[in-house]
Protein chains: 2
Amino acid sequence: MYSNFTVDCVIFGFHEGKIKVLLTERNEYPFKDTWGLPGYFVDNDEEMEHAVKRILYEHTGLKDIYLEQLSAFAGLKRHPSGRILTVAYYALLQLDHMKVKLKPITNYMKQARWFAEDEIPELAFDHGQIIELSLAKIRRKITYSPIAFELLPDKFTLTQLQMVYEAVLGKVLDKRNFRKKMLNYGFLKELPEVQKGVSYRAARLYKLDKRKYLKIFQQTISF
Amino acid sequence: MYSNFTVDCVIFGFHEGKIKVLLTERNEYPFKDTWGLPGYFVDNDEEMEHAVKRILYEHTGLKDIYLEQLSAFAGLKRHPSGRILTVAYYALLQLDHMKVKLKPITNYMKQARWFAEDEIPELAFDHGQIIELSLAKIRRKITYSPIAFELLPDKFTLTQLQMVYEAVLGKVLDKRNFRKKMLNYGFLKELPEVQKGVSYRAARLYKLDKRKYLKIFQQTISF
DNA sequence: ATATACTGTGTATTTTCTACACTAACACAT
DNA sequence: ATGTGTTAGTGTAGAAAATACACAGTATAT
């Protein structure tokens, strides 16, 4: 049995230098055939975060995705048939895995697709506003927390990392200063491997040293 | 008629060098006679934020209080009689006005009182956890947003301002560096007045120049 | 007049941030 | 083997911001 509130999820991925959002075409009223955020009613005996993970899995086939609650939305007019409270989450995932399968296995949606920020159509409910707020949130958050790594595969190049920052912040960064700063933090482990499949000089691969990163991150938090 | 969810409010004030939280002694089951956060069911035809403002007014007699949503809490076990979702807000108010009347005018609570961080008793529901999260939130927020002013009267001394920062951050700051930094921002207006009622040299009063502060604040946001 | 308690101020040092441009390496085509 | 295209990878100097640190001045109370 369903509870009386829903969860909605803003799923961010990073692809071809751009931040993308996963949207679904609804197959249920209201807003049937309109694009919107993946989301649904939470089961009555189900923890809210479990519901979000379930929806994420149904849409992407992925588990263990970075997840944060954004905010609750409960406007009287957000749902045509009376107020339905929704708790919005945002998720960051490593799209480059490309294990992400976009065949929806639920019957309340018709299809799912990735949209770049500037391609997003008119959305159902207040979902447009929710995405705006999520973007504002990660733009702020990336400046004090290393969420960029959640958007990249385990092994990445410094240029890829910089591209994530540039895509989220919406501005270009100085290459030398960026590398200097990132390497100075000391939480990047240089791997004995380089990029493959590029038709030019392959770049060094790095991975995140989670221990060191948590140490530094916690210091930053408590400043 | 009531909706099926509640709002709870962490009301922060600043008094005698400490951050205080306003708690109420419940007069309703569950957790009758236990201290908890001010909060109640949202009316069916009432906007959520309106309900928070109503509760704030009922408890403090104040309107136009700084208010932000913290998070929604919906744990299956947070309420003994089944899941009740609550949306938690935090509020910052200028306690030194001391117009704050603590006679509750509702019948679902017995009394209200200010508690310093280290005096907070065991609380009803998950309210202890909610306060923890609110504190973490304002500790972070004060580093990038001038919320300190919300806790002070319109006219304040630089020492008072510093004391707010020290109370929130939980560490002592260097007086000269603090003043230098604050005055450099340029959003403080020096008043032709000094403190009154002190038995030593009276300090200069300042007030916030909201226009300049918003300009600088927005720049900071978009960095 | 004297004690008390807080206000208000400057400088030198270290650290962090910013601006800026070229050579090296590799893949591929010829 | 050579050349072309494309990105990788690197250092330094100047500016700005953060930090550490101590004492004389002023209002009040007795």
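Taking only the Cα atoms of chain B, the radius of gyration and Dmax are 18.8, 59 Å.
Each Cα pair under 8 Å and six or more residues apart adds its sequence gap; the mean of these over the residue count of chain B is a relative contact order of 21 percent.
Sorted from closest to farthest, the other copies place their B:Gly197 label points 7.1 nm away, with each point set 7 Å from Cα along Cα→Cβ. With its label point put 7 Å out from Cα toward Cβ, A:Glu117 sits 3.5 nm from the same residue's point in the other copies, in order from shortest. Among the listed pairs A:Lys141/B:Lys215; A:Lys175/B:Lys210; A:Lys32/A:Lys141; A:Lys175/B:Lys212; B:Lys18/B:Lys77, those with a Cα-Cα distance over 26 Å are A:Lys175/B:Lys210; A:Lys32/A:Lys141; A:Lys175/B:Lys212; B:Lys18/B:Lys77.
When accessible surface is computed with a 1.4 Å probe, chains B and A are found to bury approximately 2100 Å² between them, both chains counted. Per residue, the accessible area of segment B:1-157 comes to 44 Å², computed with a 1.4 Å probe over protein heavy atoms only.
Extending 7 Å from Cα along the Cβ direction at A:Tyr213 and again at B:Gln111 yields two label points whose distance is 5.1 nm. Across peptide B:70-77, the average count of Cβ atoms from other chains found within 10 Å of a residue's Cβ is 6. Legend: mean number of C-beta atoms from other chains within 10 angstrom of residue C-beta atoms, peptide A:167-173, equals 1. Take the Kirkwood radius over Cα pairs of the protein assembly as shown, plug it into Stokes-Einstein at 4 °C and 1.567 mPa s, and you get 53 µm²/s for translational diffusion. Remark: the protein assembly as shown carries a charge dipole of roughly 2220 debye about the Cα centre, counting +1 on each Lys and Arg Cβ and -1 on each Asp and Glu Cβ. Here is the tail figure for segment A:2-127: Cα pairs spaced more than 21 Å apart come to 35 percent of all pairs. Between the residues A:Ala51, A:Ile131, A:Ala72, the greatest Cα displacement towards the positive end of the dipole of chain A, with unit charges on the Cβ of Lys, Arg, Asp and Glu, is found for A:Ile131. Distance from the Cα centroid of segment B:111-173 to that of segment A:1-38 is 37 Å (rounded to whole angstrom). Distances between equivalent label points of A:Asp33 across the copies, with each point positioned 7 Å along Cα→Cβ, amount to 6.3 nm, shortest listed first.
For segment B:147-221, report the translational diffusion coefficient in µm²/s to the nearest whole number, using Stokes-Einstein at 37 °C, 0.692 mPa s, and a Kirkwood Rh over Cα pairs. For these conditions, the coefficient is 249 µm²/s. Chain B versus the axis that turns it onto chain A: the residue with the nearest Cβ and the distance in whole Å amount to B:Ala72, 2.
The values are calculated or read from the model by the stated rules, or taken from the named source; none is laboratory data. What you are looking at is a predicted structure, and each value in this text was computed from that prediction instead of being measured. FYI the Cβ positions are ideal-geometry reconstructions off the backbone, even for glycines, and counts take in every protein chain you see. Side chains included, ligands, DNA and RNA excluded: accessible areas come from the protein's heavy atoms. Shrake-Rupley method; radii C 1.70, N 1.55, O 1.52, S 1.80 Å.
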